[in-house]
Amino acid sequence: MVKRVAIVGAGCSGLTAIKCCLEEGLEPTCFERSEDIGGLWRFTNNTEEGRGSIYKSVVTNTSKEMMCFSDFPMPEEFPTYLHHSKVLEYLHLYVEHFSLIKYIHFQTEVCSVRKHPDFNSTGLWDVVTQKQGEKTVAIFDAVLICNGHFTDPCLPFECFPGINNFKGSIIHSRTYKTPDSYNGKTVLVVGIGNSAADLAVELAHIAKQVFLSTREGSWVLSRISHNGFPVDMVLSRRFTLLGVHLLPKKLAAMLNEKLMSRWFNHANYGLEPKNRMKIPIVNDYLPSQILQGAIKVKPNIKEFTETSAIFEDGTVVDNLDAVIFATGYNMTFPFLNDFSLEMDESNAPLYKNVFPVQVEKPTIAFLGLIQPLGPIMPTVELQARWATRVFKGEAHLPPKRKMEKYIIRSMKTKSKWFGITKSLSLQTHYIDYVNELSVEIGNCPNLMYLFLTDPKLAWEVAFGPCTPFQHRLSGPGKWQGARKAILTQWERTLKPNRTRIVQKNQDAMQRLPYNLILILSAIIVGIWFRS
Ligand code: FAD
Ligand code: NAP
């Protein structure tokens, strides 16, 4: 029987993995190569090898009620969107509350995870770790890989002829910390992920001119949605998802475009994506910096010279001082020796993004290899709850052929939604994915039963934001505080903003009929189009 579980990394994935092991009566041992918890949320002035790195100004793009762990709401006084230091503070509170620290071995790097010689009969793993130069081998019944996937920068220089001749400064966004050294400079930021947008906006305040080059374009969402409510709390609702599934794709794309363009016309700002269903980025200031001329959006780069960039539309930016490649990351697992995880537009080696299909025994699982249109932390928590139940034998995986068929099917569906991209296997609709995991765990909220027994709660679960607490209402790991956490989630959202009390308050309940009408109309139109 599986008992001892090795966990690689003490970022938010590793921390919740420890807690989930304890919940299932397993014995976790977590190895963290750096000296503290938090993974990439622990800001340092320099980048460290093997650990994700963030810039000084990072603020979350998911709100606190959506991104917390399911049985540990964030303190009500925390702002709705968090500076990175607050995320780290929350992780410290989590560790303290659930007494997790004693399971973590700091400054201990996992050098190799290999199948034990008896693996085929036992599923055991040999884990080699290194602390202060000294290597140790230990045998574990199972392994949870939580090493993060933002450490190996992707620098696709082969796509940019002449880049080696460029005389200005070149960095990847991973090493960017502050804008200070770009004062008065002409800077080109490449890419249009969240990093590219954040960096371009920050640099726009200090640089002479910022150019933002994108090959595909992107939708941009503001954190602030209808009536000033957090955008993810407004959009991530079970009922909205039902609408998405009922609508024909063309109509869904049209509605998506309408939704994304509510605050500005993306085509007029040079941002409109080629794929209309592309996952949006979140940035409150990009359009206004474009409007002020501080950022100029450019197409893909054709080539570099010593001092300039030439774009595919033939335009040239000369006297360029610096280029920042915000071109994302490669996924690497340097400690894995027995198998590899090649992921691209056609390969997806993980069943439900957690279990490697080619490994004969389900005693190794990967956490955090996912890009949901939503928060990572509660998603990873559900992955950990499922994985630990599989380790324990409480949940089971289907035969290999079934898992492979499932992967082919899901990649087909994803390519229809998100288009063909390198990170296709990671992309997913948040509620779809958490629903799938919660079915595996047995904690999916039963709406019919809830409407009969607790209509007030049922209403908030069906029509309110799909917050993590919904997966603690029933089933394994049920938490007594879940109902209250759901019914008070709007109070915690609004509390930190109400620092000056005014008589007229627009609360969440007043807003609901509006959303409901919108969603119902979308579904009716969808059904009408289909028939
Ligand atoms: P990490 O936080 O990267 O932690 C991995 C840990 O593993 C590190 O501590 C590392 O030192 C350790 N480690 C690695 N290799 C080894 C080894 N061989 N041996 C021992 N230890 C090892 N997500 C959201 O939901 N909302 C957001 O707003 C958001 N903002 C983001 C902003 C930025 C700039 C970035 C880069 C990402 C953001 N994310 C956000 C996604 C983010 O990756 C996740 O929220 C989360 O931090 C992932 O946690 P993790 O534990 O999987 O990985
Ligand atoms: P990313 O999301 O992977 O984006 C990489 C960008 O680089 C994409 O726009 C991609 O273009 C572009 N790109 C890649 N290869 C290219 C090429 N050869 N030529 C031109 N463009 C190329 O990486 P990221 O922005 O660093 O984000 C990493 C993670 O951190 C994400 O999960 C993100 O949400 C998170 N993050 C969050 C925040 C925040 O919360 N504030 C801030 C930063 C990052 P295509 O779009 O055309 O593929």
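The values are calculated or read from the model by the stated rules, or taken from the named source; none is laboratory data. As the structure is a prediction and not an experimental result, all values here were calculated from the model. Neighbour counts run over all protein chains shown; Cβ positions are idealised from the backbone, glycine included. Note: areas computed on protein heavy atoms with side chains; ligands, DNA, RNA excluded. Shrake-Rupley method; radii C 1.70, N 1.55, O 1.52, S 1.80 Å.
Any idea which of (1) without any contact (Cβ under 8 Å) to a residue 12 or more places away in the chain; (2) more than 10 Å from ligand 2 (Cβ to nearest atom) is the one GLU158 doesn't satisfy?
(2)
Considering only the stretch 400-431, state which residues are in contact with a Leu (Cβ under 7 Å, 6 or more places away or on another chain) and either over 23 Å from THR240 (Cβ atoms) or open to solvent by 40 Å² or more (accessible area, probe 1.4 Å) (or both). Steps first, answer last, please.
From the stretch 400-431, those in contact with a Leu (Cβ under 7 Å, 6 or more places away or on another chain) are 403, 411, 414-415, 418, 426, 429-431; that's our starting set.
Scanning the stretch 400-431 gives MET403, MET411.
When you look at LYS302, is it assigned by TED's automatic domain parsing to the domain that holds THR122, closer than 29 Å to ILE279 by Cα and charged (D, E, K, R), yes or no? Spell out how you get there, then give the answer.
On the way: assigned by TED's automatic domain parsing to the domain that holds THR122: no; closer than 29 Å to ILE279 by Cα: yes; charged (D, E, K, R): yes.
So LYS302 does not fit the description; no.
Are there any pairs with C-beta distances below 7 angstrom linking a residue in the stretch 407-426 that is touching a residue at least 40 places away in the same chain (Cβ under 8 Å) to a residue that is among the polar types (S, T, N, Q) and assigned to a helix (DSSP H, G or I), with the two at least 6 apart or on different chains, and if so which?
MET411/SER425; LEU424/SER415
Being open to solvent by less than 60 Å² (accessible area, probe 1.4 Å) and within 24 Å of the chain's Cα centre (by Cα) is the filter here; which residues of the stretch 267-286 pass it?
Passing the criteria: LEU271, PRO273, ASN275, MET277, LYS278, ILE279, PRO280, ILE281, VAL282, ASN283, ASP284, LEU286.
For the structure I just gave you, tell me whether ASP344 is touching a strand residue (DSSP E or B) at 6+ places or on another chain (Cβ under 7 Å), in a loop (DSSP other than H, G, I, E, B), open to solvent by 10 Å² or more (accessible area, probe 1.4 Å) and touching a residue at least 40 places away in the same chain (Cβ under 8 Å).
Numbers: touching a strand residue (DSSP E or B) at 6+ places or on another chain (Cβ under 7 Å): no; in a loop (DSSP other than H, G, I, E, B): yes; open to solvent by 10 Å² or more (accessible area, probe 1.4 Å): yes; touching a residue at least 40 places away in the same chain (Cβ under 8 Å): yes.
Taking the combined requirement at face value, the residue does not satisfy it.
So, in the stretch 432-457, of the ones that are within 16 Å of ligand 1 (Cβ to nearest atom) and of a type in the set (A, V, I, L, M), which residue ends up surrounded by the fewest Cβ atoms within 10 Å (Cβ to Cβ)? Quick ask: steps written out before the conclusion?
The first filter runs over the stretch 432-457 and keeps only residues within 16 Å of ligand 1 (Cβ to nearest atom), leaving 433-434, 437.
Within this subset, residues satisfying the condition of being of a type in the set (A, V, I, L, M) are 434, 437.
Details: VAL434: 26, LEU437: 22.
Looking at residues that are within 16 Å of ligand 1 (Cβ to nearest atom) and of a type in the set (A, V, I, L, M), I get LEU437.
Report yes if PHE166 is farther than 13 Å from ILE324 by Cβ and of a type in the set (Phe, Trp, Tyr), otherwise no. Walk me through how you get there before you give the answer.
On the way: farther than 13 Å from ILE324 by Cβ: no; of a type in the set (Phe, Trp, Tyr): yes.
No.
Scanning for something in a helix (DSSP H, G or I), in contact with a helix residue (DSSP H, G or I) (Cβ under 9 Å, 6 or more places away or on another chain), away from ligand 2 (no atom under 16 Å from the Cβ) and assigned by TED's automatic domain parsing to the domain that holds LEU369, does the stretch 418-430 turn up at least one residue?
Here is the first cut: in the stretch 418-430, the residues in a helix (DSSP H, G or I) are 418, 424-426, 430.
Within this subset, residues satisfying the condition of being in contact with a helix residue (DSSP H, G or I) (Cβ under 9 Å, 6 or more places away or on another chain) are 418, 424-425, 430.
In the following step, the residues that additionally are away from ligand 2 (no atom under 16 Å from the Cβ) were identified as none.
No - not one qualifying residue is present in the stretch 418-430.
Give me a count of the residues in the stretch 3-40 that are touching a Gly at 6+ places or on another chain (Cβ under 7 Å) and more than 23 Å from GLN130 (Cβ to Cβ).
Of the residues in the stretch 3-40, 2 are touching a Gly at 6+ places or on another chain (Cβ under 7 Å) and more than 23 Å from GLN130 (Cβ to Cβ).
Only one of these is free of Cβ contacts under 8 Å to residues at least 60 places away in the same chain and touching a helix residue (DSSP H, G or I) at 6+ places or on another chain (Cβ under 6 Å): GLU440, GLU460. Name it. Before the answer, list the steps.
Working: GLU440 fails: free of Cβ contacts under 8 Å to residues at least 60 places away in the same chain.
From the options GLU440, GLU460, the qualifying one is GLU460.
Can you work out which of the residues in the stretch 296-332 that are in a loop (DSSP other than H, G, I, E, B) and open to solvent by less than 30 Å² (accessible area, probe 1.4 Å) is farthest from ligand 1 (Cβ to nearest atom)?
Within the stretch 296-332, the subset in a loop (DSSP other than H, G, I, E, B) is 299-300, 305-308, 312-315, 318-321, 326-328, 331-332.
Checking the rest, the ones that are also open to solvent by less than 30 Å² (accessible area, probe 1.4 Å) come to 308, 320, 326, 328.
On the way: SER308: 29, LEU320: 25, ALA326: 10, GLY328: 10 Å.
The extreme case among them is SER308.
Give me the pairs, please: first residue somewhere in the stretch 70-85 and farther than 23 Å from LYS56 by Cα and basic (Lys, Arg), second residue anywhere and within 16 Å of ligand 2 (Cβ to nearest atom) and assigned to a loop (DSSP other than H, G, I, E, B), beta-carbon distance under 7 Å, and either six or more positions apart or on two chains.
From residues that are farther than 23 Å from LYS56 by Cα and basic (Lys, Arg), there are no pairs.
Return yes or no: is GLY293 assigned by TED's automatic domain parsing to the domain that holds LEU199, without any contact (Cβ under 8 Å) to a residue 12 or more places away in the chain and not polar (S, T, N, Q)?
Working: assigned by TED's automatic domain parsing to the domain that holds LEU199: yes; without any contact (Cβ under 8 Å) to a residue 12 or more places away in the chain: yes; not polar (S, T, N, Q): yes.
So GLY293 passes the test.
How do the pairs read when you match residues in the stretch 1-29 that are more than 26 Å from PRO375 (Cβ to Cβ) with residues anywhere that are among the small types (Gly, Ala, Ser) and open to solvent by less than 10 Å² (accessible area, probe 1.4 Å), using Cβ under 6 Å and keeping only pairs 6 or more apart or on different chains?
VAL2/ALA142; THR29/ALA6
Name the pairs whose Cβ atoms lie under 9 Å apart, with the first residue in the stretch 89-115 and at positive phi, the second crowded, with 20+ Cβ neighbours inside 10 Å, and 6 or more positions between them or separate chains?
GLN107/GLU32; GLN107/ARG33; GLN107/SER34
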